[in-house]
Amino acid sequence: MRFLCLIFAIVSAIQADSNADLVNAKVERTIDLTSHLVSITNLITVENKAATGSLKSYTYTIEPAHAKNVAFIGAHSVEGKKQKAKLNVVEVSKDSDKGGLYRVDFAEGLAAGQSTQIQVEVVLFSLVSPFPEEISQNEKQLVVFKGNHYFYSLYPTKSQTTSVNLASDLTESYSQLKPTSKSDSTITYGPYENIKPFEQSELSVHFENNSPFLAVTNLHRTIEVSLWGNIAVEETIDMSHTGAKLKGSFSRFDYMRRQGGQSSVKSFKTLLPSSAADVYYRDEIGNISTSNLRVPSKSKGEPVELELKPRFPLFGGWKTHYTVGYNLPVYQYIHNSGNLSLNWDIYFKIN
C-alpha cells in the first residue's frame, strides 16, 4: 500500500510541478518503420511559461499501450537541429495509468519565459505485426503498425507534425487524420495545433515490409580468461524469424531461381569487439564456411563485422541454432587495481 502511494505521489508531484509551466511549442516527430523495430525521433521545442524561476527537467511520456515495449530511450540538447550535449534520462514509472514516464534533465536550467530544443529518441519492439500472419513462399510480407496521430505528452502542444517512413511505397491502407499526405514511402501527418495533454487518436498503417524480422530467443556466452595473454569467448545463439509464417511447402528450386522468398533471411551481420581474432562460426553439423569477416582499421576502434549465412534461408516461424567464437587480448580487458578485474561492455547486436 505504501509503495502504491509512493508511485501516486511521484506522478502527482511531476504533474503539479511542471504541467502548468512547460509547453511543447513545436514538435517534429519522425516514426521509422523500415525494419521490425519502431524508431521514433522527437525534436521538441520546450517553453517555460512561468513568470519566475527555472525548471531543471522535462517529463517525456509514452502511451500506456507502448510503455512496456521500450528497448531504448535517449536524449540530446539541440542547437539549429544539430545534436549537442547528451542529456540524462531517468525512468520514473512504466505502470502509470498515463503511460511510461521518463525524466529528461536539461543541460542547464530553463529560465522563465525562455525556450530550448531537445531531441528524444525511442526504440520500441513487438509493435510491427505481420498481417496476414501466414504467407506462401511467393508472397510479399505485409505488416501493420498502430500508434498515435498526436504527440503523447504530459504538456499541451501548440504545433506538431509527424513523418512516417515506411520500408516501401506499397501501402494497403493508412489512417487519414486531416491534413495527411503521402509521397513515395513517406506519410506526413499535420501540422496539428493546440493538442491537449495525453490526447490520443489511433494511427494505423498497413504496408509491405520484407526486412529481416529476427529475434534472439536465447544467448549463452562463455568467457574463458587465461592470464597467459588470451580471453576466449564463445556465444551460442538460438534465433528465430518472427515475421509472417511460411504457409505450404518450401521449394528450393523456386528459391534458387529467385522466385519468391522476399521476406526470408539469407544472411545477417553481428558485431564483435575491434580486437577480435581467430573467429569461427559453426552449428551442430560442423563449421560453416559461408561467412564473411570485415576487419576495420584497429586505430579507429571500430567493431569487427561478421556476416553470417545459415545453411538454409530463414522463413517466418523458422529457427536456427549456431555458435560464434573468437579470441581477445588480455591486456585490453584485465586491469589490476589491487585485485584483477575484467572490464567488458556486454552487448550483442544483430543487423
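Before we move on, is residue 219 closer than 18 Å to residue 37 by Cβ and surrounded by 14 or more Cβ atoms within 10 Å (Cβ to Cβ)?
no
Residue 73 passes all but one of (1) more than 25 Å from residue 186 (Cα to Cα); (2) of a type in the set (Val, Ile, Thr); (3) part of a strand (DSSP E or B); which number fails?
Result: residue 73 fails condition (1) only.
Only residues in segment 22-46 that are touching a residue at least 40 places away in the same chain (Cβ under 8 Å) and over 20 Å from residue 57 (Cα atoms) count as the first member; pair them with residues that are assigned to a strand (DSSP E or B) and acidic (Asp, Glu), Cβ under 6 angstrom, at least 6 apart or cross-chain, and list the lot.
39/32
Looking at segment 79-109, which of its residues are farther than 24 Å from residue 198 by Cβ and outside any strand (DSSP E or B)?
Listed by number, the residues that qualify are 80, 81, 88.
Hey, can you tell me all the residues within segment 104-143 that are in contact with a His (Cβ under 6 Å, 6 or more places away or on another chain) and farther than 18 Å from residue 215 by Cβ?
Across segment 104-143, the qualifying residue is only 119.
Go through segment 49-93 and count every residue that is more than 17 Å from residue 27 (Cα to Cα), of a type outside the set (A, V, I, L, M, F, W, C) and touching a Leu at 6+ places or on another chain (Cβ under 7 Å).
4
May I ask you to verify whether residue 110 is open to solvent by less than 50 Å² (accessible area, probe 1.4 Å) and either touching a residue at least 60 places away in the same chain (Cβ under 8 Å) or more than 21 Å from the chain's Cα centre (by Cα) (or both)? Walk me through how you get there before you give the answer.
Details: open to solvent by less than 50 Å² (accessible area, probe 1.4 Å): yes; either touching a residue at least 60 places away in the same chain (Cβ under 8 Å) or more than 21 Å from the chain's Cα centre (by Cα) (or both): yes.
It is true that residue 110 is open to solvent by less than 50 Å² (accessible area, probe 1.4 Å) and either touching a residue at least 60 places away in the same chain (Cβ under 8 Å) or more than 21 Å from the chain's Cα centre (by Cα) (or both).
Go through 204, 226 for me and flag whichever is hydroxyl-bearing (Ser, Thr, Tyr) and farther than 30 Å from residue 24 by Cβ.
Going through 204, 226 in turn, the sole match is 226.
Count, please, the residues in segment 300-327 that happen to be open to solvent by 50 Å² or more (accessible area, probe 1.4 Å), at pLDDT below 90 and within 19 Å of residue 211 (Cα to Cα).
Qualifying residue count for the region: 2.
Would you mind finding the one in 171, 217, 188, 236 that is farther than 28 Å from residue 133 by Cα, touching a Ser or Thr at 6+ places or on another chain (Cβ under 9 Å) and of a type outside the set (Gly, Ala, Ser)?
Only one candidate qualifies: 236.
Count, please, the residues in segment 171-208 that happen to be under 22 Å from the mean Cα position of the chain (by Cα), of a type in the set (Val, Ile, Thr) and over 14 Å from residue 142 (Cα atoms).
Result for segment 171-208: 3.
Any residue in segment 199-227 that is basic (Lys, Arg) sitting within a Cβ distance under 7 Å of a residue that is buried (at least 16 other Cβ atoms within 10 Å of the Cβ)? List the pairs, counting only those 6 or more apart or interchain.
The qualifying pairs are 221/233; 221/235.
Yes/no matrix, rows are residues, columns are (1) over 24 Å from residue 218 (Cα atoms); (2) not in a strand (DSSP E or B):
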site: 239; (1), (2): no, no
site: 262; (1), (2): yes, yes
site: 275; (1), (2): yes, yes
site: 284; (1), (2): no, yes
site: 310; (1), (2): no, yes
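From the set of residues in segment 69-94 that are charged (D, E, K, R) and surrounded by fewer than 13 Cβ atoms within 10 Å (Cβ to Cβ), which is farthest from the chain's Cα centre (by Cα)?
Residues of segment 69-94 charged (D, E, K, R): 79, 81-82, 84, 86, 91, 94.
This time we only want the ones that are surrounded by fewer than 13 Cβ atoms within 10 Å (Cβ to Cβ), so: 79, 81-82, 86, 91.
Working: 79: 24, 81: 21, 82: 21, 86: 18, 91: 17 Å.
Looking at the filtered set, the residue picked out is 79.
Looking at residue 91, is it touching a Phe, Trp or Tyr at 6+ places or on another chain (Cβ under 6 Å), under 25 Å from residue 164 (Cβ atoms), modelled with pLDDT under 95 and among the acidic types (Asp, Glu)? I'd like the intermediate steps shown before the answer.
Working: touching a Phe, Trp or Tyr at 6+ places or on another chain (Cβ under 6 Å): yes; under 25 Å from residue 164 (Cβ atoms): no; modelled with pLDDT under 95: yes; among the acidic types (Asp, Glu): yes.
The answer is no for residue 91.
Go through 56, 68 for me and flag whichever is out of contact with any Cys (no Cβ under 6 Å at 6 or more places or on another chain) and closer than 21 Å to residue 112 by Cα. Steps first, please.
Details: 68 fails: closer than 21 Å to residue 112 by Cα.
So the residue among 56, 68 that is out of contact with any Cys (no Cβ under 6 Å at 6 or more places or on another chain) and closer than 21 Å to residue 112 by Cα is 56.
Are any residues in segment 95-105 open to solvent by less than 20 Å² (accessible area, probe 1.4 Å) and not β-branched (Val, Ile, Thr), and if so, which ones?
Of the residues in segment 95-105, the ones open to solvent by less than 20 Å² (accessible area, probe 1.4 Å) are 96, 99-102, 104.
96, 99, 100, 101, 102, listed by residue number.
The values are calculated or read from the model by the stated rules, or taken from the named source; none is laboratory data. Note that the structure is a prediction, hence the values are computed from the model and not measured. When we count neighbours, we look across all protein chains shown, and the Cβ atoms used for this are built from the backbone with ideal geometry, even at glycine. Protein only, heavy atoms only, side chains kept; ligands, DNA and RNA dropped before computing areas. Shrake-Rupley method; radii C 1.70, N 1.55, O 1.52, S 1.80 Å.
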